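Data block below; observations after.
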Amino acid sequence: MISRLSYRARQFRRTLAPGITANDLHEAESALGGDLYALFAAMQPADQRHCLDVYRRLRTEGEDDPDLLAAALIHDAGKGGESARRIRTWHRVAYVILGTLPPGVLDRIARGDGGLARLHHHGEATLRLVRSAGASERIAALLEVMEAGRRDDPRAALLLAADDAC
């Protein structure tokens, strides 16, 4: 419980002060290229920071699969663009709290087109965005398995584990 609280406190601090550098942006652009980088650039800085942290964690663990690393950098793209204008800090806090309630509660509350709904359905939005941006089928497949929370694909399991750790 304490480690989960510590994780959430770090996550909240990064939301307020994500500290994205020009080097971070250059690294993401080099790994993603044009259209996929545009998805990364459309995310809020806090989401960019998180995706960069997932990417770097995988790199530190010795991963060099370009599709896996690209998926790490854009796995939260569904929180960007139009969604970014609707998601506020209080939505993020409420989403985390509501996620601790019994299954189905969040589904009933996070409806419509507001910030909570955008957060709750960001995985589906990410898949639509990456496919329309021309991501490889491997990247889309990794994100689809990640969205489903399945760990039967070893590469997607690495991505999920890094996401959970960051």
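The values are calculated or read from the model by the stated rules, or taken from the named source; none is laboratory data. Note that this is a predicted model, so its numbers are computed, not measured. No Cβ is skipped: glycine too gets one built from the backbone with ideal geometry, and neighbour counts run over all protein chains shown.
Structure data summary
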| item | result |
| --- | --- |
| Odd one out for ASP35, checked against (1) at pLDDT below 95; (2) in a helix (DSSP H, G or I); (3) crowded, with 19+ Cβ neighbours inside 10 Å | (3) |
| Residues of segment 83-132 satisfying the condition of being in contact (Cβ under 8 Å) with a residue 12 or more places away in the chain, closer than 18 Å to GLU147 by Cα and over 16 Å from the mean Cα position of the chain (by Cα) | LEU106, ASP107, ALA110 |
| Unmet requirement for PRO103, which otherwise passes all of (1) touching an Asp or Glu at 6+ places or on another chain (Cβ under 7 Å); (2) modelled with pLDDT under 85; (3) not aromatic (Phe, Trp, Tyr) | (1) |
| The lone exception for ASP64 - which of (1) outside any loop (DSSP other than H, G, I, E, B); (2) free of Cβ contacts under 8 Å to residues at least 40 places away in the same chain; (3) closer than 23 Å to GLY34 by Cβ it fails | (1) |
| Residues being in a helix (DSSP H, G or I) and either surrounded by 14 or more Cβ atoms within 10 Å (Cβ to Cβ) or acidic (Asp, Glu) (or both) - total across segment 121-163 | 29 |
| Scope segment 40-67; condition out of contact with any Gly (no Cβ under 7 Å at 6 or more places or on another chain), surrounded by fewer than 20 Cβ atoms within 10 Å (Cβ to Cβ) and of a type in the set (A, V, I, L, M, F, W, C); matching residues | ALA41 |
